1. Here are the criteria: (1) open to solvent by 20 Å² or more (accessible area, probe 1.4 Å); (2) within 24 Å of residue 359 (Cβ to Cβ); (3) at pLDDT 80 or above. Tell me which single one residue 232 does not satisfy.
2. For the list (1) part of a helix (DSSP H, G or I); (2) of a type outside the set (Asp, Glu); (3) in contact with a Ser or Thr (Cβ under 7 Å, 6 or more places away or on another chain); (4) at pLDDT below 85, I need the number of the one condition that residue 208 fails.
3. Provide a single number: the residues in the range 16-26 that are more than 12 Å from residue 146 (Cβ to Cβ) and either crowded, with 21+ Cβ neighbours inside 10 Å or out of contact with any helix residue (DSSP H, G or I) (no Cβ under 8 Å at 6 or more places or on another chain) (or both).
4. Based on this model, can you work out whether residue 156 counts as surrounded by fewer than 22 Cβ atoms within 10 Å (Cβ to Cβ), of a type in the set (Val, Ile, Thr), part of a helix (DSSP H, G or I) and touching a residue at least 12 places away in the same chain (Cβ under 8 Å)?
5. Which one of these does residue 150 not meet: (1) open to solvent by less than 10 Å² (accessible area, probe 1.4 Å); (2) over 18 Å from the mean Cα position of the chain (by Cα); (3) of a type in the set (Lys, Arg)?
6. What are the pairs with Cβ atoms under 8 angstrom where one residue, in the range 279-296, is modelled with pLDDT of 80 or more and the other, located anywhere, is not in a helix (DSSP H, G or I)? Sequence gap at least six, or different chains.
7. Looking at the range 403-413, can you tell me whether even one residue there is touching a Leu at 6+ places or on another chain (Cβ under 7 Å) and surrounded by fewer than 23 Cβ atoms within 10 Å (Cβ to Cβ)?
8. Hey, any hits in the range 335-356 for a residue that's over 24 Å from residue 295 (Cβ atoms) and among the hydrophobic types (A, V, I, L, M, F, W, C)?
Amino acid sequence: MTTAGAPAALAEPTVRVGRGWTAALSLANGAIWVGWFGPLQILLASQAEDFAPGAGMSKETLLAWVTGVGAVVSLVANPLFGALSDRTTARAGRRTPWIVAGTAGGALALLLLAGAGGVATMAAGWCLVQLTLNAAFAAVTAAVPDRVPRLQRGTVGGWLGAAQILGVVAGTGLAAAAGGVRAGYAACAVFTVVGVLPYVLCHRDLRLARADRPAWSWRSFAAGFWTSPRRHPDLAWAWLTRFLINLGNSLVLLYLLYYLRDRLHHPDPGRGVLILTAVNSLTLTATVVAGGVWSDRVGRRKPFVVWSGVLMAVATALLAGWQTWPGAIVAAAVLGVGFGVFTSVDFALMTDVLPKALDRGKDLGVINVANALPQVAAPALAAPIVTHLGGYRALYLFSAAVGLAGAVLVNRIRGVR
């Protein structure tokens, strides 16, 4: 794994990773997403409905508030723990200690949410889930540029993306089938812990020597979180692209349960969310690995990101213009095709524009803010649109426009084909 003149932990990887390593890391990634999306898809919405009358606000507003506060925690946690893992010199490596600690903390936080008796405990529990699982996620993400050569990253990103979507499905399924909110949280907590064990127990991490760690300074550590768009424009444009497309996707998902219940009058909206998630996941899984492999083979990233963003915008517009249950199923399928290609290829594109090997975890954490920030922005934008500015039709048209803007702006990246 070592290139001339660089220690193994900081070298540009040249040896292709095996299927076992990819499978174990993908499973760990999927398990983390179970811990996030069981609550996001079903459990938090159910608790918001229970607690809203006593809080004196609508269920939509309460859900938006809780998820928004949690997303703010995520904004800070991901780059922070990524930067800390960059500087970790433990025997177990730079990334593994944070995967272990973050997963264990996330499971405990999910159990705290299971026992929430009001809005304050619900919000505190969700913030702890975001804090801890982001520590694990930052380390899992940084393991890819640590170990995977550039021309294999589309493929590995595809498998990580497939695991992510399967994690969303598994989390939604566990939450819906467990038989209640408490049982749903407990099931997600157990799955999250079990899912990371194969990677932690079977694959050794690269260790950073103390001599290769930069001297500690609070000032330089804090300053390192700012990456100048002028000095690194490709990183800035890549970040903006990811932010806009993920914002469009977040606007679609946030009120999906309420959309089915209040607009389509689905007889079982919880089951409806599970069905749409399954349809979306089937089409996404069919394209996420294939898109990454194809991108690796042709050595190009941008065209895949552009067209996947356009397809996602079309799917979102369908939710605005065809507000029926069959229309929702078609939109979920088309959205899955687009998001599958985007997930794998955009991840590879992000790793291609990282400035420094020493700061991979931190830089990917800053990039991952583009995943978390939409969770803050989406509730702030969606609640007034739904309640005062046109309802769900206006929300999904706005979402389509945002995603389309992200697809177009990827062409501003110059250093990636």
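1. Every condition holds for residue 232 apart from (3).
2. Just one mismatch for residue 208, condition (1).
3. 4
4. For residue 156, the condition - surrounded by fewer than 22 Cβ atoms within 10 Å (Cβ to Cβ), of a type in the set (Val, Ile, Thr), part of a helix (DSSP H, G or I) and touching a residue at least 12 places away in the same chain (Cβ under 8 Å) - is not met.
5. It is condition (1) that residue 150 fails.
6. Close Cβ pairs (under 8 Å, with a partner that is not in a helix (DSSP H, G or I)) amount to 295/301.
7. Within the range 403-413, one or more residues are touching a Leu at 6+ places or on another chain (Cβ under 7 Å) and surrounded by fewer than 23 Cβ atoms within 10 Å (Cβ to Cβ).
8. no
The values are calculated or read from the model by the stated rules, or taken from the named source; none is laboratory data. These numbers were taken from a predicted model, which means no experiment stands behind them. Because the Cβ atoms are built from the backbone with ideal geometry, glycine has one as well, and the counts that use them run over all protein chains shown. Each accessible area value is taken on the protein alone, full model and side chains, heavy atoms only, with ligands, DNA and RNA left out. Shrake-Rupley method; radii C 1.70, N 1.55, O 1.52, S 1.80 Å.
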